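S.K.: I'd like to ask you about the structure that follows.
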């Protein structure tokens, strides 16, 4: 599992991965696209199993995604899996400029639309009429055409019970979140995926469970320390995200997300047990300093000091605006 890299370097990574005895590569999607990395890897190291894990669905139309996956399936000789996810509202709306209303049902319709496109590439007939997407036109000129491989498997990222059931119903696999500790898998993933599979007349064994694991590997203390810090930063981010709060709570770290997001609560105890990492450390110091400033200002009645302190935690532009406002008050 790797983040996409510069196209000039990904071929060498694919060859080294294959030479080391690994069967495949899974590409996440951050600042660079997962699909282009997979395309380069397919040509540099034939035989590798490749997957997007996951690509962001909504910024691309189902047809564009289906056509891209279709070509990658052909390029890999049938060894490509299409992994899709919703991302979060801020990214989809503010970075991609797309709609994000009802992301779960939208992704369900998206997966069905992608699979309808796969069928259309073989038959020449496109007919998908869903709640969010209607696709009913294709011609030989605009079709990728049949390939000598099965349709790509379509996997989706799922965290909460509804999404897990949806994945079991319409997808071929589930990308489990890296926070998926054994208790979460037993309580939520396995039973909900099985329930969704049964709804579509399938067995739970028909659905692949793709479970990433955070590891700390290194040949020296220095290398292991670096890897540990990277893991801590990831855990910190996940610990501050409301969608994942119930995983922390049920794993025995109740209140981790609420404490991490509460502006004037000292969360040092949770930092010490290794949950939030360096990013959390900075947030803790910032929250503590802001809290102390507010208390001092309240005792002295210096309301302007409160404004200044809060402004320093925003931006120089905000600070200038605060000062200008106080000057005219």
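S.K.: Which whole number in µm²/s is D for segment 9-73 by Stokes-Einstein, with the Kirkwood Rh taken over Cα pairs at 25 °C and 0.890 mPa s?
M.R.: Translational D for this selection: 202 µm²/s.
S.K.: Separate question: At 7 Å along Cα-to-Cβ for each site, give me the label-to-label distance between residue 36 and residue 214 in nm.
M.R.: Distance between label points: 3.0 nm.
S.K.: Quick one: order 80, 137 by neighbouring beta-carbon count within 10 Å, fewest to most.
M.R.: Going from sparsest to densest Cβ surroundings: 137, 80.
S.K.: For the residues 139, 51, what sequence is obtained by ranking on other C-beta atoms within 10 Å, fewest first?
M.R.: Listing 139, 51 from fewest to most nearby Cβ atoms yields 139, 51.
S.K.: At residue 249 and residue 137, where each label point lies 7 Å from the Cα along Cα→Cβ, what is the point-to-point distance in nanometres?
M.R.: Computed distance between label sites residue 249 and residue 137 equals 4.8 nm.
S.K.: In what order do 29, 223 fall by count of nearby beta-carbon atoms within 10 Å, going from fewest to most?
M.R.: 223, 29
S.K.: Per residue and in cubic angstrom, what volume does the convex hull of the Cα atoms of segment 7-210 have?
M.R.: Dividing the Cα hull volume of segment 7-210 by its residues yields 135 Å³.
S.K.: Kirkwood Rh and Cα-based Rg: tell me the resulting Rg over Rh for segment 122-161, rounded to two decimals.
M.R.: In segment 122-161, Rg relative to Rh is 1.08.
S.K.: Across segment 1-128, how large is the tail of the calculated P(r) beyond 17 Å, expressed as a percent of all Cα pairs?
M.R.: In whole percent, the long-distance tail amounts to 58.
S.K.: Residue 148 versus residue 12, label points 7 Å from Cα toward the beta carbon: distance in nm?
M.R.: Roughly 3.4 nm, to one decimal.
Bear in mind that the values in this text are calculations on the coordinates, not laboratory data. Remember, predicted model here, so these are calculated numbers, not experimental data. Here the Cβ is made from the backbone with ideal geometry for all residues, glycine too, and neighbour counts use every protein chain on show.
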